[in-house]
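Only one structure is covered here, and it is reproduced in the block below.
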Amino acid sequence: MIKKAKILVFLFFAFLLLSSISFAQQREIPPVKLEKISDNLFQILDGRGANGGFYIGDNGVLVIDSKMTKESVDQTLAEIKKITNKPIKYLVNTHSDGDHIAGNPFFPPSVIIIAHEKCREEFLHPRRDGKPSEWSDPKMAPYLPTLTYRDKMDIYLGEKKVELRYFGVGHTKGDTVVYFPEEKTAFLGDQIFMGRPQLIHSYKGGNSFAYVKTMTKMLENIDAETFCSGHGDPIDRNAVKHHIAEMKSIQAKVKSIMEQNKSLEDVKKEFPENHSRLVESIFNELKTMS
């Protein structure tokens, strides 16, 4: 009896521990919430996946990026429904990273999914570990972008215009800038990382030196005053310029160390640990250029 009682006590405390871990994990992922930018434009924050946004036009809604899970998509749709009863017509994928696109299958089937033509290619690109993309499964075909563009696409929701712009290779080879002229606000996806080093997906065709040119071109061609990203708070033009300058500084430092015939590991030691992936990208790009 004593032994049985000890087992029951153990099981009870094990249950409490597992329950507390499960509860803690749930608390780590706050539910989706909206942040108003204007009467028509909102950021979509929290949930599982990167920040996104949505725009209310005269006759429908355009959503930017799709979170990662059915739960977060359902929360997103419910939050949008609180603001407007207009139908969601378009979903724009800014690029092909999973935290921006994994939720595509959970949007209504009537929604048209749009991306840059190179972004659609990246959906089918092998993963970083070389394994085939899950999007190459024929069952996933309906959730790939069905409408693509090359340089610019204007979407009209009644009289309201949304501009999709491609300025070149950057974080990946197919990043879309979603620009709202009336609000002078641009959604950049992962073309900006604030508070951490910029991420360059070399395996998806991203390039840090092209990134500098692309972001500079963006500033020259749109008069946005506010820039929203997948990972961080909205920033202004000066913050974007500072981000570009930081990238140039890191590139220059990597190049200077490499000129001393240092190895990649030696170069990495000259930077904080969280710069490792960016330094490796720059190092490999410079090796190719030499």
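The values are calculated or read from the model by the stated rules, or taken from the named source; none is laboratory data. Note that the structure is predicted; figures quoted are calculated from it, not measured. With ideal geometry, Cβ positions are generated from the backbone for all residues, glycine too; neighbour counts draw on all protein chains shown.
Keeping to region 82-130, report how many residues are under 23 Å from Gln43 (Cα atoms) and either among the charged types (D, E, K, R) or part of a helix (DSSP H, G or I) (or both).
The number of residues fulfilling the criteria is 13.
Here's the yes/no breakdown for (1) within 21 Å of Gly206 (Cα to Cα); (2) modelled with pLDDT under 95:
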| residue | (1), (2) |
| --- | --- |
| His125 | yes, yes |
| Thr148 | yes, no |
| Glu163 | no, no |
| Phe167 | yes, no |
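Each row is one residue, and each column tells you yes or no for (1) of a type in the set (Phe, Trp, Tyr); (2) without any contact (Cβ under 8 Å) to a residue 40 or more places away in the chain.
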{"residue": "Gly205", "(1), (2)": "no, no"}
{"residue": "Tyr211", "(1), (2)": "yes, no"}
{"residue": "Asn261", "(1), (2)": "no, yes"}
{"residue": "Thr288", "(1), (2)": "no, yes"}
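For region 179-194, which residues satisfy the criterion of being modelled with pLDDT of 95 or more, assigned to a loop (DSSP other than H, G, I, E, B) and under 15 Å from the mean Cα position of the chain (by Cα)?
Within region 179-194, Leu188, Gly189, Asp190, Gln191, Ile192 qualify.
Which residues, taken from region 46-84, are acidic (Asp, Glu) and crowded, with 22+ Cβ neighbours inside 10 Å?
Asp65
When both residues are 6+ apart or on different chains and their Cβ atoms are under 8 Å apart, which pairs have a first residue that lies in region 122-139 and is basic (Lys, Arg), and a second that is surrounded by 11 or more Cβ atoms within 10 Å (Cβ to Cβ) and not in a loop (DSSP other than H, G, I, E, B)?
Here the result reads Arg128/Tyr203, each pair linking region 122-139 to a residue that is surrounded by 11 or more Cβ atoms within 10 Å (Cβ to Cβ) and not in a loop (DSSP other than H, G, I, E, B).
Run down Glu246, Glu270 and say which single residue is modelled with pLDDT of 95 or more and within 28 Å of the chain's Cα centre (by Cα).
Checking each option against the conditions leaves just Glu246.
Has region 192-202 got any residue that is touching a residue at least 40 places away in the same chain (Cβ under 8 Å) and touching a Pro at 6+ places or on another chain (Cβ under 9 Å)?
yes
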